[in-house]
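Data block below; observations after.
The values are calculated or read from the model by the stated rules, or taken from the named source; none is laboratory data. Since this is a predicted model, take the numbers as computed values, not measurements. Cβ sites come from the backbone with ideal geometry, for glycine too, and all protein chains shown count toward neighbours.
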Amino acid sequence: MKLRLTLAIAIAVAACCPKTKTDVYLDPSKPLEERVQDALSRMTLEEKVALTHAQSKFSSAGVPRLGIPELWHTDGPHGIRPEVLWDEWDQAGWTNDSCTAFPALVNLAATWDRELSRLYGDCIGEEARYREKDILLGPGINMGRTPLNGRTFEYMGEDPYLAGQLVVPYIQGVQSNGVAACVKHFAMNNQEVRRTATSSNVDDRTMYEIYLPAFEAAVKEGGAWAIMGSYNLYNNQFNCHNKRLLCDILKGEWGFDGVVVSDWGGCRDDDEAAAYGLDIEMGTWTNGLRGAASDSYANYHLARPYLERLRDGRASVEGLDDKASRVLRTIFRTSMGEQHFGSFNSPEHYAAARKIAAEGLVLLKNDGALPLQIPQGGKLLVVGENAYKMMVVGGGSSNLKTKYEIIPLDALHEAFDGKASVVWERGYVGDTTTDYNKVVTGQDLSESRSAQQLLADAIAAASNADCILYIGGLNKSSGQDNEGTDRADIVLPYGQDELIEALAATGKKMIVVNISGSPVAMPWASKVNAIVQGWYGGSESGHALVDVLTGAVNPSGKLPFTMPIALADGPLKTERQYPGIREEGKQWWQEYYDEGVFIGYRWYSSKNVPVQYPFGYGLSYTTFDVSDVSVKRAGDGFKVSAAVKNTGSVPGAEVVQLYVSDVESSVERPVKELKGFEKVFLQPGESRKVQFTLDRRALSFFDADSHAWVAEPGEFRALVGTSSEDIRGEVSFKL
Ligand code: GLC
């Protein structure tokens, strides 16, 4: 009895003695792993378990007793989500959390500019740090398998190399501020239809060649500190605790030492959550997305059920220590790492947003109608809802409350008022909503006119216009570019094709700006003078668009995905491929990636299917010549060189792209695959040499049988061009 009393007193004394600054775990100058082990050694079982699940909508516990702070998570990839109440999705109504809204990630992808991606990460990381957030829930890099995916706007296109090259600097930028990038959604989360109930069934070669490489780059080159498990299943195991993806590949093959966070409500099973690689269960309710008892956080799979399993031996303490170590490592890398202060709503951030938005705009057609010139005293007729509608609010978890959003119409008035009249006709009614999660735009999008009247008014207004500038496309509403839903087709909604055709039939000079986050059909392309692919450009969207339309910025964006002529031209031909089917004896929907590696331009170019505008395509107000393509051996790989020259009269940038073709291979390979790109800014007349390095991995396909990358001996071709279809020179070489 006496001994027990003595022991109890000793523990009580130890527990209450103040932390000394010399405690290793508190000292950011100490090696990370020593800090982790020191903290772990001081923690109780309950304290370790508390680290592994949410305590509120967007926070997971720290260790209060040891002065280890909780982790604050925040959406999203385009800006810092407004503060929410403890357990709500709706914004809390703070007055100091209106952020800089950066362009959608598809807009960043369209810049093909690694330096801009780093700038983007730096800026959004500064905003997260200033708002005292430790984990940024982004970037998203799921491949564009179908153009219908509602979240295409949040991702970086249809090619793993492009997404991988751009996600790395973004991550490094974010993390340079002591904020963890949480790369999502791991993996094969390529649609929104039944996203929490569909198993992505994909062969190893396809998975390793198409769906994993951008995540692999994020981990191995980007050094990502966090990964988000996705809602779907892979081979019928939920991805938030998928043994193959999280344990074998992510933490095994790739050596990921960071933390795996579930998507919100993506954790679906007690035993699997304990055993298969999930480190922090976040979400709304227990048991996945269904409702639960009050105080649901205590009922989370990694809360009470996990404690029970640890106490009765069904779950191992080693497993818990691994989870807890990864969470501690994240805390010591962020809030308890070297001090950063960030910044918020700075002029620099808005300037960066404007630069990125402008540099991602893609000039698809121009017969000379651009840059826009309106005669003094002339009339510019602007038609289309997207000239006026604010786009930062809505779309799902990437919804933002921004300090301001410059709409195209306002930027056009700024540019032309006093020189020409700018008249706006709505033309059609699309989405009249102006709020999301209690974030409101303040616009009034109500409309009393009929569709016929709206069209008639637009046509009538064209009669004395010098130029028609159509600004339409999609928006963030359900069934458009929106989380949780997919589109039904790529045809423009709201009768826009008819409206565009009617406006073109007036014979007036006409420019079309399509603002969307995903591909749309453009059957009227031959009937208009110029076409610009615009994106959700964030706070400075309108300024960026007008910068390009007026020539203040010479467009240099390139499509990060194919613009098909019609949806049916794509690789997904069966329900089994998309959106999935029911199968006898299987609880969840089943989707088969039968097209294999042939998605996007890999499909269209290999099957000789014509497209509206190809992957990697984009024009400039100047012209470029690419020549002198050559190749030489370099170590166990090759170096490909080319010269690029600005042959026009204004400064501009070209993206020189390198595609590789394996002429002789034992498996069917795409006729070309992107393996290099360089964006080169040149003065008129200036030329520069670009060089690409091809290592053996760049020449390889993934062989599932040997579970290895295989570069087969034989002939290869290096194709160098300015889009996937505009090859300006090629050379053969033998491996
Ligand atoms: C959502 C999204 C994810 C987001 C998370 C938190 O369901 O899938 O991208 O970060 O939940 O809002």
Q: Could you please find all residues in segment 128-145 being away from the ligand (no atom under 16 Å from the Cβ) and more than 15 Å from the chain's Cα centre (by Cα)?
A: Arg129, Tyr130, Glu132
Q) What is the number of the single condition among (1) aromatic (Phe, Trp, Tyr); (2) at pLDDT below 95; (3) assigned to a helix (DSSP H, G or I) that Phe332 does not meet? A) (2)
Q) Looking at Asp122, is it of a type outside the set (Phe, Trp, Tyr), within 16 Å of the ligand (Cβ to nearest atom) and farther than 30 Å from Glu318 by Cβ? A) no
Q) Yes or no: Ser230 of a type outside the set (A, V, I, L, M, F, W, C) and more than 16 Å from the ligand (Cβ to nearest atom)? A) no
**Q.** Residue under evaluation Tyr404, criteria (1) crowded, with 20+ Cβ neighbours inside 10 Å; (2) in contact with a helix residue (DSSP H, G or I) (Cβ under 7 Å, 6 or more places away or on another chain); (3) in the same structural domain as Leu549 (by TED's automatic domain parsing), criterion not met
**A.** (1)
**Q.** Condition check for Lys184: within 16 Å of the ligand (Cβ to nearest atom) and either at pLDDT 95 or above or in contact with an Asp or Glu (Cβ under 6 Å, 6 or more places away or on another chain) (or both)
**A.** yes
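This table checks each residue for (1) more than 27 Å from the chain's Cα centre (by Cα); (2) assigned by TED's automatic domain parsing to the domain that holds Ala711.
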position: Pro564; (1), (2): no, no
position: Pro579; (1), (2): no, no
position: Gly585; (1), (2): yes, no
position: Gly596; (1), (2): no, no
position: Lys607; (1), (2): yes, no
position: Phe638; (1), (2): yes, yes
position: Thr647; (1), (2): yes, yes
position: Ala653; (1), (2): no, yes
position: Glu664; (1), (2): yes, yes
(Q) So in segment 37-57, with the set limited to residues that are over 21 Å from Asp263 (Cβ atoms) and surrounded by fewer than 19 Cβ atoms within 10 Å (Cβ to Cβ), which one is nearest to the ligand (Cβ to nearest atom)? (A) Glu46
Q: Return the total of residues in segment 199-243 being more than 20 Å from the chain's Cα centre (by Cα), crowded, with 22+ Cβ neighbours inside 10 Å and assigned to a loop (DSSP other than H, G, I, E, B).
A: 2
Q: Scan segment 123-145 and report the pairs whose first residue is not assigned by TED's automatic domain parsing to the domain that holds Gly396 and whose second residue is away from the ligand (no atom under 12 Å from the Cβ) and acidic (Asp, Glu), with Cβ atoms within less than 7 Å and a gap of 6+ or a chain change.
A: Arg131/Asp97; Met143/Glu158; Gly144/Glu158
Q: Output the residues belonging to segment 538-563 that are in a loop (DSSP other than H, G, I, E, B) and either of a type in the set (Asp, Glu) or buried (at least 24 other Cβ atoms within 10 Å of the Cβ) (or both).
A: Pro555, Ser556, Gly557, Lys558, Leu559, Pro560, Phe561, Thr562
Q | Residue count, segment 252-263 (criterion: free of Cβ contacts under 8 Å to residues at least 40 places away in the same chain and either under 18 Å from the mean Cα position of the chain (by Cα) or within 16 Å of the ligand (Cβ to nearest atom) (or both)) | A | 1
Q | Of all residues in segment 71-87 being away from the ligand (no atom under 12 Å from the Cβ) and charged (D, E, K, R), the one that is nearest to the chain's Cα centre (by Cα) | A | Glu83
Q: For segment 151-165, state whether one or more residues are away from the ligand (no atom under 13 Å from the Cβ) and among the β-branched types (Val, Ile, Thr).
A: yes
Q. Any residue in segment 356-375 that is in contact (Cβ under 8 Å) with a residue 12 or more places away in the chain, in contact with a strand residue (DSSP E or B) (Cβ under 9 Å, 6 or more places away or on another chain) and farther than 20 Å from Val532 by Cβ?
A. no
Q.
Quick test of your reading of the structure: Ile356 fulfils all but one of (1) outside the structural domain of Pro28 (by TED's automatic domain parsing); (2) more than 30 Å from Pro493 (Cα to Cα); (3) of a type in the set (A, V, I, L, M). Name the failing condition by number.
A. (2)
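Matching residues to (1) surrounded by fewer than 21 Cβ atoms within 10 Å (Cβ to Cβ); (2) farther than 25 Å from Gly140 by Cβ; (3) out of contact with any strand residue (DSSP E or B) (no Cβ under 7 Å at 6 or more places or on another chain); (4) touching a residue at least 40 places away in the same chain (Cβ under 8 Å):
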residue	(1), (2), (3), (4)
His413	yes, yes, no, no
Ala465	no, yes, no, yes
Leu469	no, yes, no, yes
Gly473	no, no, no, yes
Gln480	no, no, yes, yes
Arg487	no, no, yes, yes
Ile490	no, no, yes, yes
Gly495	yes, yes, yes, yes
Ile515	no, no, no, yes
Q.
Take the conditions within 15 Å of Leu364 (Cβ to Cβ) and hydroxyl-bearing (Ser, Thr, Tyr) and apply them to Ser516. Does it pass?
A. yes
(Q) Just checking, does segment 423-437 include any residue being out of contact with any strand residue (DSSP E or B) (no Cβ under 9 Å at 6 or more places or on another chain) and over 28 Å from Tyr155 (Cα atoms)? (A) no
Q: Would you point out which residue out of Arg205, Arg304 is more than 16 Å from the ligand (Cβ to nearest atom) and in contact with a Gly (Cβ under 9 Å, 6 or more places away or on another chain)?
A: Arg205
Q. Can you name every residue in segment 58-105 that is surrounded by fewer than 22 Cβ atoms within 10 Å (Cβ to Cβ) and of a type in the set (Lys, Arg)?
A. Arg65
Q) Only one residue in Arg669, Arg696, Arg717, Arg688 is of a type in the set (Lys, Arg) and in contact with a Gly (Cβ under 8 Å, 6 or more places away or on another chain), so which one is that? A) Arg696
